[in-house]
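For reference, the structure discussed in these notes is given below.
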Amino acid sequence: MPRLNHFHRRQNRTVIDSLSLRRSDRGIPSGIAFQHKIHILKHLLTLLLLLLAFELSAQELDMLLVNANTYLSADAGHSEAAVGIAGDKIAFVGEAQKGAKLLKADGNIIDLKGKMLTAGFIESHGHLIYLGYYLMNLQLHEAEDFSQILKMVEQAAKDKQPGEWITGRGWHQDKWDKKPDDAIKGMPINELLNQIAPDNPVYLGHASGHMALVNDKALQIAEIEASTEVIGGEISLDNNGDPTGLLIENAIELVLPFTPAYSNEDLDQALRIGLEECVKNGITTFVDAGSDAAYMDVMEDMAKARELPVRLYVMVSGLQQSFVDKWIKRGPAIDLYNGFFTVRSIKLSADGALGSRGAWLLEEYHDHHGHFGHETIPMKRVFEVSKMALANGFQVCVHAIGDRANREVLDQFEQAFKLYPDVKDHRFRIEHAQHLHPDEIPRFAELDVIASMQGIHMSSDRPWAIDRLGEKRIKEGAYVWQKLFESGALVVNGTDTPVEPINPIACYYASISRKTLEGTPEEGYEADQRMSREQALQTYTELAAKGIFMEDKLGTIKVGNLADLTVFTKDLQKIKESEILSTKVAMTIVGGKIAYQLQE
């Protein structure tokens, strides 16, 4: 049995002596004093046994990480402390030599050789199965112009039978080197798609997920015409009044039911591909921003089988009220299957995206006179779901990008909060909060609403977003991270993958530089709104954990927390800004197990 060191023995003796002296000085009768001493000794003995038990349990370390630049937390800062793991928890933080003495006989010491060690990174907003689907289909994000996309579709058509669908995702017209000659309002049309794939329906999803380009074959299958009515969306028309194949916001839903249904095997494959991308990118917890019944089932099945390599925090898709009702009846599912599966949020979408001009604005688009975007669901529904959630222990997370959408959603939240004043810890969120009217910025902190933002969106969107909003609105309320921090709001970070690559290093770089990934402009866009390096790291760790009610077990490195850790090849907090994008994930540890290790 380990012995208490000299300091502990001397400290305990001093406590006993000082207590005895104080009691004697007060004239306590000797018999009572003796009984009191016995009582104190019993308590000290209990404390001693607890200390011994802790030291004994600490001798069961399975793994010890040494020689790292360790980021413990915002309060504790950096340290050279070694980190010991027992089972799925952090069981030791301290000197490497002491930790080595507590290692099991078959335990491992891993020398990190000066790499950066942090709490496991949390992707606060992404679409996991869609990430898998994206990698299983035509990947359009790297196309430099529309002609390259046409070549991909043409090649796919050669490998398909007539009538088979060709699907892909990731194009973004504002990232092309040049726009098509026949573009309408900067957007592509389907005339050339019709020529290269006349016998195959084609569906090409925009990077944002809020717009799609389809060919005439797909329009025919879905029976879409110029006169087809769409609420909360738009069928783009040419100068002759004919559909161009461009479907915006809810108009997408007219075609999606006709696209190929994924089998359970497809869902499983997509999920596994997405999970593999997570661990390769240092993600230990993934917040899935809206899953339907089929997606939820395959996730939960994998969780039951103990096959998830990362933790999932899943939002219930609010597209179907029956699915929401099912979960309300079931109640929140928290830390199921050894802590790898949680469902306690409902996801709604209040508007579209800036790229598709679907974000709902207070004033007209700077580059589209008379257009204000789209309210994709009635605000009454946001209010009703918010009440239902507050009454049943659920969090509500609402997609809102435009300033009007953010204002309206905050209004609905505020009304619902007044009806449930006893619910103090709701942690409702607005997903994206991308463009805010100055009046709404302080309301996030006032209402305790979390701003779930994506630093990488600023990097990708800012070069063209000024065309949508104009300079004044960009400067006053677009991607205003620092204004939100200064107001006291909680800000969390993520990538919205597959809208953007899941890589958190690129997102971190965008957050602290306010530059594109090419490093422009040199001074950064609206540089006064950049995050500090500490803030950027917090938005992926401890603040992100608070955004999902898990700050008592994730987000910081301390004894008792879950052993979810991320190791980077370079110290993101100290290296030159120019070195950040060349940094890689060296290791991902989830629940005390190495889920990924870079081959050096």
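Rule-based calculations on the coordinates, nothing more; no lab input. If you're wondering where the values come from, they're calculated on a predicted model, not measured in any experiment. Every residue, glycine among them, receives a Cβ derived from its backbone with ideal geometry; neighbour counts consider all protein chains shown.
Within segment 134-152, can you find the residues that are in a helix (DSSP H, G or I), touching a residue at least 60 places away in the same chain (Cβ under 8 Å) and surrounded by fewer than 23 Cβ atoms within 10 Å (Cβ to Cβ)?
Answer for segment 134-152, where residues must be in a helix (DSSP H, G or I), touching a residue at least 60 places away in the same chain (Cβ under 8 Å) and surrounded by fewer than 23 Cβ atoms within 10 Å (Cβ to Cβ): L135, M136.
Looking at segment 287-298 only, could you name the residues that are in contact (Cβ under 8 Å) with a residue 60 or more places away in the chain and either more than 15 Å from C397 (Cα to Cα) or surrounded by fewer than 22 Cβ atoms within 10 Å (Cβ to Cβ) (or both)?
Of everything in segment 287-298, those that are in contact (Cβ under 8 Å) with a residue 60 or more places away in the chain and either more than 15 Å from C397 (Cα to Cα) or surrounded by fewer than 22 Cβ atoms within 10 Å (Cβ to Cβ) (or both) turn out to be Y295, V298.
Among the residues that make up segment 247-267, is at least one of them among the charged types (D, E, K, R) and under 30 Å from M587 (Cα atoms)?
Yes, that holds for at least one residue.
Scan segment 446-467 and give yes if some residue there is touching a residue at least 12 places away in the same chain (Cβ under 8 Å), touching a Lys or Arg at 6+ places or on another chain (Cβ under 8 Å) and among the β-branched types (V, I, T), otherwise no.
Yes, the conditions are met somewhere in segment 446-467.
Identify all residues within segment 446-474 that are within 16 Å of the chain's Cα centre (by Cα) and outside any loop (DSSP other than H, G, I, E, B); write none if there are none.
Result: I450, A451, S452, G455, I456, H457, M458.
Per-residue answers, yes or no, for (1) aromatic (F, W, Y); (2) more than 32 Å from the chain's Cα centre (by Cα); (3) surrounded by 15 or more Cβ atoms within 10 Å (Cβ to Cβ):
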{"residue": "E123", "(1), (2), (3)": "no, no, yes"}
{"residue": "L128", "(1), (2), (3)": "no, no, yes"}
{"residue": "Q155", "(1), (2), (3)": "no, yes, no"}
{"residue": "Q161", "(1), (2), (3)": "no, yes, no"}
{"residue": "W165", "(1), (2), (3)": "yes, no, yes"}
{"residue": "D181", "(1), (2), (3)": "no, yes, no"}
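Identify the single condition in (1) touching a helix residue (DSSP H, G or I) at 6+ places or on another chain (Cβ under 6 Å); (2) free of Cβ contacts under 8 Å to residues at least 40 places away in the same chain; (3) farther than 30 Å from T566 by Cβ; (4) of a type outside the set (V, I, T) that G232 does not satisfy, given that it satisfies every other one.
So G232 meets the others, but not (2).
Out of G470, G488, which single residue is farther than 30 Å from H206 by Cα and surrounded by fewer than 20 Cβ atoms within 10 Å (Cβ to Cβ)?
Numbers: G470 fails: farther than 30 Å from H206 by Cα.
The match here is G488.
For segment 200-219, indicate whether the set of residues that are out of contact with any helix residue (DSSP H, G or I) (no Cβ under 6 Å at 6 or more places or on another chain) and either surrounded by fewer than 17 Cβ atoms within 10 Å (Cβ to Cβ) or within 30 Å of I557 (Cα to Cα) (or both) is non-empty.
Taking every residue of segment 200-219 in turn, none turns out to be out of contact with any helix residue (DSSP H, G or I) (no Cβ under 6 Å at 6 or more places or on another chain) and either surrounded by fewer than 17 Cβ atoms within 10 Å (Cβ to Cβ) or within 30 Å of I557 (Cα to Cα) (or both).
With a cut-off of at least 2 residues that are under 20 Å from the mean Cα position of the chain (by Cα) and over 18 Å from H125 (Cα atoms), name the helices (runs of 4 or more DSSP H) lying wholly within segment 306-413.
336-339
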